[in-house]
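FYI, it's all coordinate maths here, none of it is from the lab. Keep in mind that what you see is a predicted model, and the values were worked out from it rather than measured. Cβ placement follows ideal geometry from the backbone for every residue including glycine, while neighbour counts extend to all protein chains displayed.
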Amino acid sequence: VVGATESKNARVKLVLLGDSGVGKSCIVLRFVRGQFDPNSKVTVGASFLSQTIALHDSTTVKFEIWDTAGQERYAALAPLYYRGAAVAVVVYDITSPESFDKAQYWVKELQKHGNPDIVMALVGNKADLHENRKVPVQDGVDYAEKNGMFFIETSAKTADNINELFEEIAKRLPQVSS
Ligand code: GDP
Ligand code: MG
């Protein structure tokens, strides 16, 4: 097979957007450090973490993850934050319809002002709290499909679908799939 031994190494900027409290920082800490701290403090300023994953056939993707709280309070700062991002992960909390509305606001904002090639994922987090679910799975599925996004429900608490989220994003990167 032509190209089968060719290796690819991509490095991509990834930003997280969504309401305060939906679990963005916990998703990042679960993915990068394998930890969940229920008493974690809200993100102060910006934090930057990176994590490399290996896909099939010697392809690696290094995610440079920007996690800041500023965009939650000062929407005017958001463009500085997502400028140059190859990936945007838009997060809501499945127990909070308000956070789902806010996620849709961010998707529109990215469609208007983001990098046109940006890979977007819609994430319904806190899936472990299914007894308090207020956003049906199908609402997430439908909205994501309409907007050409990848959709997944996760739990940073139980680690459910956290690695899958980043693997699926990696597979959708033009640098990897082309
Ligand atoms: P951020 O403001 O979006 O960065 O949210 P954080 O990551 O700081 O999380 C906000 C709160 O939600 C914290 O109290 C976390 O412990 C909690 N949390 C985050 N992810 C989950 C999850 O998957 N399940 C549950 N039950 N709680 C979570
Ligand atoms: Mg945070």
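Summary of values
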{"quantity": "Estimated 222 nm signal from helices in the chain, with DSSP H stretches of n ≥ 4 weighted -39500 (n - 2.57), rounded to 500", "calculated": "-9500 deg cm²/dmol"}
{"quantity": "Cα-based helix-to-principal-axis angle, 137-146 vs the chain, degrees rounded to 10", "calculated": "50 degrees"}
{"quantity": "Karplus-derived 3J(HN,Hα), 6.51/-1.76/1.60, for each residue of segment 7-16, Hz, glycine and proline x", "calculated": "9, 10, 10, 9, 10, 10, 7, 10, 10, 10"}
{"quantity": "5 angstrom amide H check on D93, placed H, neighbours 5+ away", "calculated": "S99, F100, N125"}
{"quantity": "Mean projected area in nm² (Cα convex hull; one quarter of hull surface) for the chain", "calculated": "10.3 nm²"}
{"quantity": "Amide proton proximity set for T59, modelled H, under 5 Å, gap of 5+", "calculated": "K8"}
{"quantity": "Theoretical FRET efficiency, 1/(1+(r/R0)^6), r = Cβ-Cβ of Q175 and S47, R0 35 Å, to 0.05", "calculated": "0.90"}
{"quantity": "Length-normalised contact order of the chain in % [C-alpha pairs under 8 Å, at least 6 apart]", "calculated": "24 percent"}
{"quantity": "Rounded to 10°, Cα long-axis angle of helix 97-113 versus longest principal axis of the chain", "calculated": "40 degrees"}
{"quantity": "Amide H partners (placed H, <5 Å) of E153, local residues excluded", "calculated": "G124"}
{"quantity": "Acute angle (nearest 10 degrees) that the helix 162-172 long axis makes with the longest principal axis of the chain, alpha-carbon atoms", "calculated": "50 degrees"}
